[in-house]
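The block underneath contains the structure these notes are about, expressed in structure tokens.
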Amino acid sequence: MATSCSSSMTMAFQVSCSVKNKKPSVVLDNIEYFKTTLSSAISKQPLLRRLMQQGPMHIDVSKLFQNASAKLLDTFVDSVFEFIDQPLLPSQKNFAPVDELEGEGVVIKSIIGRIPDDFTEGVYIRNGPNPLFGGLKSTKSVFGRSSHIWIEGEGMLHALYFMKNDVVSSDGCRWTVRYNNRHVETETYKLEKQRNKPSFLPAIGGDSPAILSAYLLNLLRFGKVNKYLSNTNVFEHSGKFYSVAENHIPQEIDILTLETLGNWDVSGAWNRPFISHPKRAPGTGELVMMGVDAVEPFWEVGVVSADGKELIHKADLKLNRCSICHEIGVTERYNVIMDIALTINIKRLVGGGPLVKYNEEEYARIGVMPRYGDASSVRWFKVEPNCTFHIINSFEAGEEVVVWGCKALDSVIGPSNECSSDNEGTSTAEDASKLYSHAYEWRLNMESGEVRERYLTGKNISMDFPMINGSFTGLKNGFGYAQVVDSVASSTSGSLKYSGIAKLHFEEPAEREGGLENEEIKVERHMFEENTFCSGAAFVPKQSDSSRAGTSFEEVEEDDGWVITFVHNEDTNISQVYVIDTKEFCSEPVAKIALPCRVPYGFHGAFMPTSTNT
């Protein structure tokens, strides 16, 4: 089991499809007959061909069930499939789900240190998987085994609210801090919650016949081949807030109550999944996003108006494979697209292979696309094989487009990929190290087509879940931050764990004995106490009085602010939120905020200023 995303991240893709004209005839009173029918369907592939060829449409479930009772389907699943809890090792206990709080949350009373007076009013919020019914499940049946992979599990939001008081308390505190958590109530969450038992069969990891039967039965019963997770990231656009994962469109969230308000389809113009990291374009404020699906068109890029009301551009990139993409980059003029060799392939699954697979022998490339371009306008640059989920930043520098990201040489996304050196998916310590990401640079020359690549921080420090001052997205920036991988703890538990935060100085070379090392940049590290690990770190920029009044961000230094993160001490089983001064990065956190309950490790976090929204 592993926890890197990201990320984020959730690659249990929803296959959008419809079944038209002929309705499948499924006999449910004889298991052997059903097995024969399923085998025939798989070999002839009429339904699967439709899964791969049909565009996104809605299924009329009532018509689909005219010849087969939903109750009989449930009875068949209950009698043939056994749900089994996936066990957690002692070192993985903080991946276990928690219950929701009741009411509007809890006011925090225990704070070590002091929240700075010039801290920003707002909400620090983090998303992550919090599976229903005790945890992730596997099933076993006459078709074999299928299982949830570690990135699955219904999304739960954990939020910390910072409200500044007009009156200073007796202990000198100017702040009220409140914690709340709540599940993201997608359509499938509400369906299973109402049924009060696991209902969707796992359809990502496991034996090919079991996954295919799970696809078909989920489709017959619910009109969907898998659950909508919404467990990876939270973002804001035009004053509205959204929870998202790659297998569905985002859900709008009431940031003050964490209530799910409904799906966001951009006024009906977007009917396919969102990547987890859409980006706001510098200058225009437009939202650039991409939808990746397991059926053609595999990739589509969209641009949403600054007010969030209109899809002003949409383009099919006409890829010939479904490469998994977690994040898109932007510059002042371009969209930056990572086409890596981690793919989802239904045909491969039908042939007995894995649904999700990373193949370092396939090509990897980066696309640079004009903001409102099409497939023919993308300039593709072939790069060394890599598995990069997260972009630190991208920007234009003369004739070059510069891309900074967290590059790994293998993928933690997949049915059996873990960090342990003794599991069947990764056989050696060297192979395990390929799963760890490092800060990396690609320089793409738009004139000559030349590509220059280098490690920014060497290979001695692994990191992921990067963040920057958001005002510099798509522009040249001097600083970045990322969670530091603890290779020992990760290898021991088989789950990626992060034991500190790194501050990257992009314009300052690293210091080494005997002088400066020009090829590497300076890195500061803020490391936590022993057996303490973080998730969902975010950067909070300091706002001066003038910047609050609406003046330029240039009046405040780029790295003037705080990194805020959820942390958990595995020895004490206590969860806290740390606030770290980025100007005194290696010093103790300025505040350690004790939380009223355990917060499981999760994916991406964000800080949302709310003073203008409340």
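Observations on the model:
- Here E447 qualifies as open to solvent by 50 Å² or more (accessible area, probe 1.4 Å) and either over 30 Å from I312 (Cβ atoms) or modelled with pLDDT of 95 or more (or both).
Listed here are the residues, each with its yes/no results for (1) at pLDDT below 95; (2) more than 25 Å from the chain's Cα centre (by Cα); (3) surrounded by fewer than 20 Cβ atoms within 10 Å (Cβ to Cβ).
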position	(1), (2), (3)
D545	yes, yes, yes
E558	no, yes, yes
V563	no, no, no
P600	no, no, no
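- Residues being open to solvent by less than 40 Å² (accessible area, probe 1.4 Å), closer than 25 Å to F389 by Cβ and either among the aromatic types (F, W, Y) or under 19 Å from the mean Cα position of the chain (by Cα) (or both) - total across the stretch 216-240: 11
- Scanning the stretch 498-515 for residues that are open to solvent by 10 Å² or more (accessible area, probe 1.4 Å), at pLDDT 90 or above and more than 30 Å from E555 (Cβ to Cβ) turns up just one, S499.
- Number of the exception - A214 against (1) part of a loop (DSSP other than H, G, I, E, B); (2) out of contact with any helix residue (DSSP H, G or I) (no Cβ under 7 Å at 6 or more places or on another chain): (1)
- S416 at pLDDT below 90 and open to solvent by 20 Å² or more (accessible area, probe 1.4 Å): yes
- Residue list for the stretch 331-372, filter: in a loop (DSSP other than H, G, I, E, B) and open to solvent by 50 Å² or more (accessible area, probe 1.4 Å): E332, R333, N345, G351, G352, P354, E360, E361, E362, Y363, Y372
- Those strands (runs of 3 or more DSSP E) lying entirely in the stretch 557-611 with at least 1 residues farther than 21 Å from F472 by Cα: 561-569, 574-581, 591-594
- If you go through the stretch 144-167 and pick out every residue that is crowded, with 20+ Cβ neighbours inside 10 Å and within 30 Å of F200 (Cβ to Cβ), you end up with 14.
- Qualifying residue in the stretch 133-143 (condition: buried (at least 19 other Cβ atoms within 10 Å of the Cβ), polar (S, T, N, Q), in a loop (DSSP other than H, G, I, E, B) and modelled with pLDDT of 95 or more): no
- Per-region count, the stretch 373-413, residues assigned to a loop (DSSP other than H, G, I, E, B) and either in contact with a helix residue (DSSP H, G or I) (Cβ under 8 Å, 6 or more places away or on another chain) or not acidic (D, E) (or both): 10
- Matching residues, the stretch 376-390, being more than 11 Å from W442 (Cα to Cα) and open to solvent by less than 30 Å² (accessible area, probe 1.4 Å): V378, N386, C387, T388, F389, H390
- Residue within the stretch 264-286 that is assigned to a strand (DSSP E or B), under 18 Å from the mean Cα position of the chain (by Cα) and of a type in the set (S, T, N, Q) present: no
- Enumeration of residues in the stretch 594-609 that are of a type outside the set (K, R) and more than 30 Å from S238 (Cβ to Cβ): A594, L595, P596, C597, P600, Y601
- Residue within the stretch 315-324 that is open to solvent by 10 Å² or more (accessible area, probe 1.4 Å) and touching a Ser or Thr at 6+ places or on another chain (Cβ under 7 Å) present: yes
- Boolean, E100 is surrounded by fewer than 16 Cβ atoms within 10 Å (Cβ to Cβ), modelled with pLDDT of 95 or more and closer than 29 Å to Y228 by Cβ: no
- When restricted to residues that are on the phi < 0 side of the Ramachandran plot and in a loop (DSSP other than H, G, I, E, B), the stretch 157-187 contains 12.
- Only one of the listed residues (K197, K190) is in a helix (DSSP H, G or I) and of a type in the set (D, E, K, R). That residue is K190.
- Residue in the stretch 235-249 that is in a loop (DSSP other than H, G, I, E, B) and among the aliphatic types (A, V, I, L, M) present: yes
- Residue match in the stretch 246-254 (condition: among the acidic types (D, E) and within 19 Å of the chain's Cα centre (by Cα)): yes
The values are calculated or read from the model by the stated rules, or taken from the named source; none is laboratory data. Quantities reported herein were computed from a predicted structural model and do not represent experimental measurements. Note: ideal-geometry Cβ built from the backbone for every residue, glycine included; neighbour counts use all protein chains shown. Heavy atoms of the whole protein, side chains included, go into the accessibility calculation; ligands, DNA and RNA do not. Shrake-Rupley method; radii C 1.70, N 1.55, O 1.52, S 1.80 Å.
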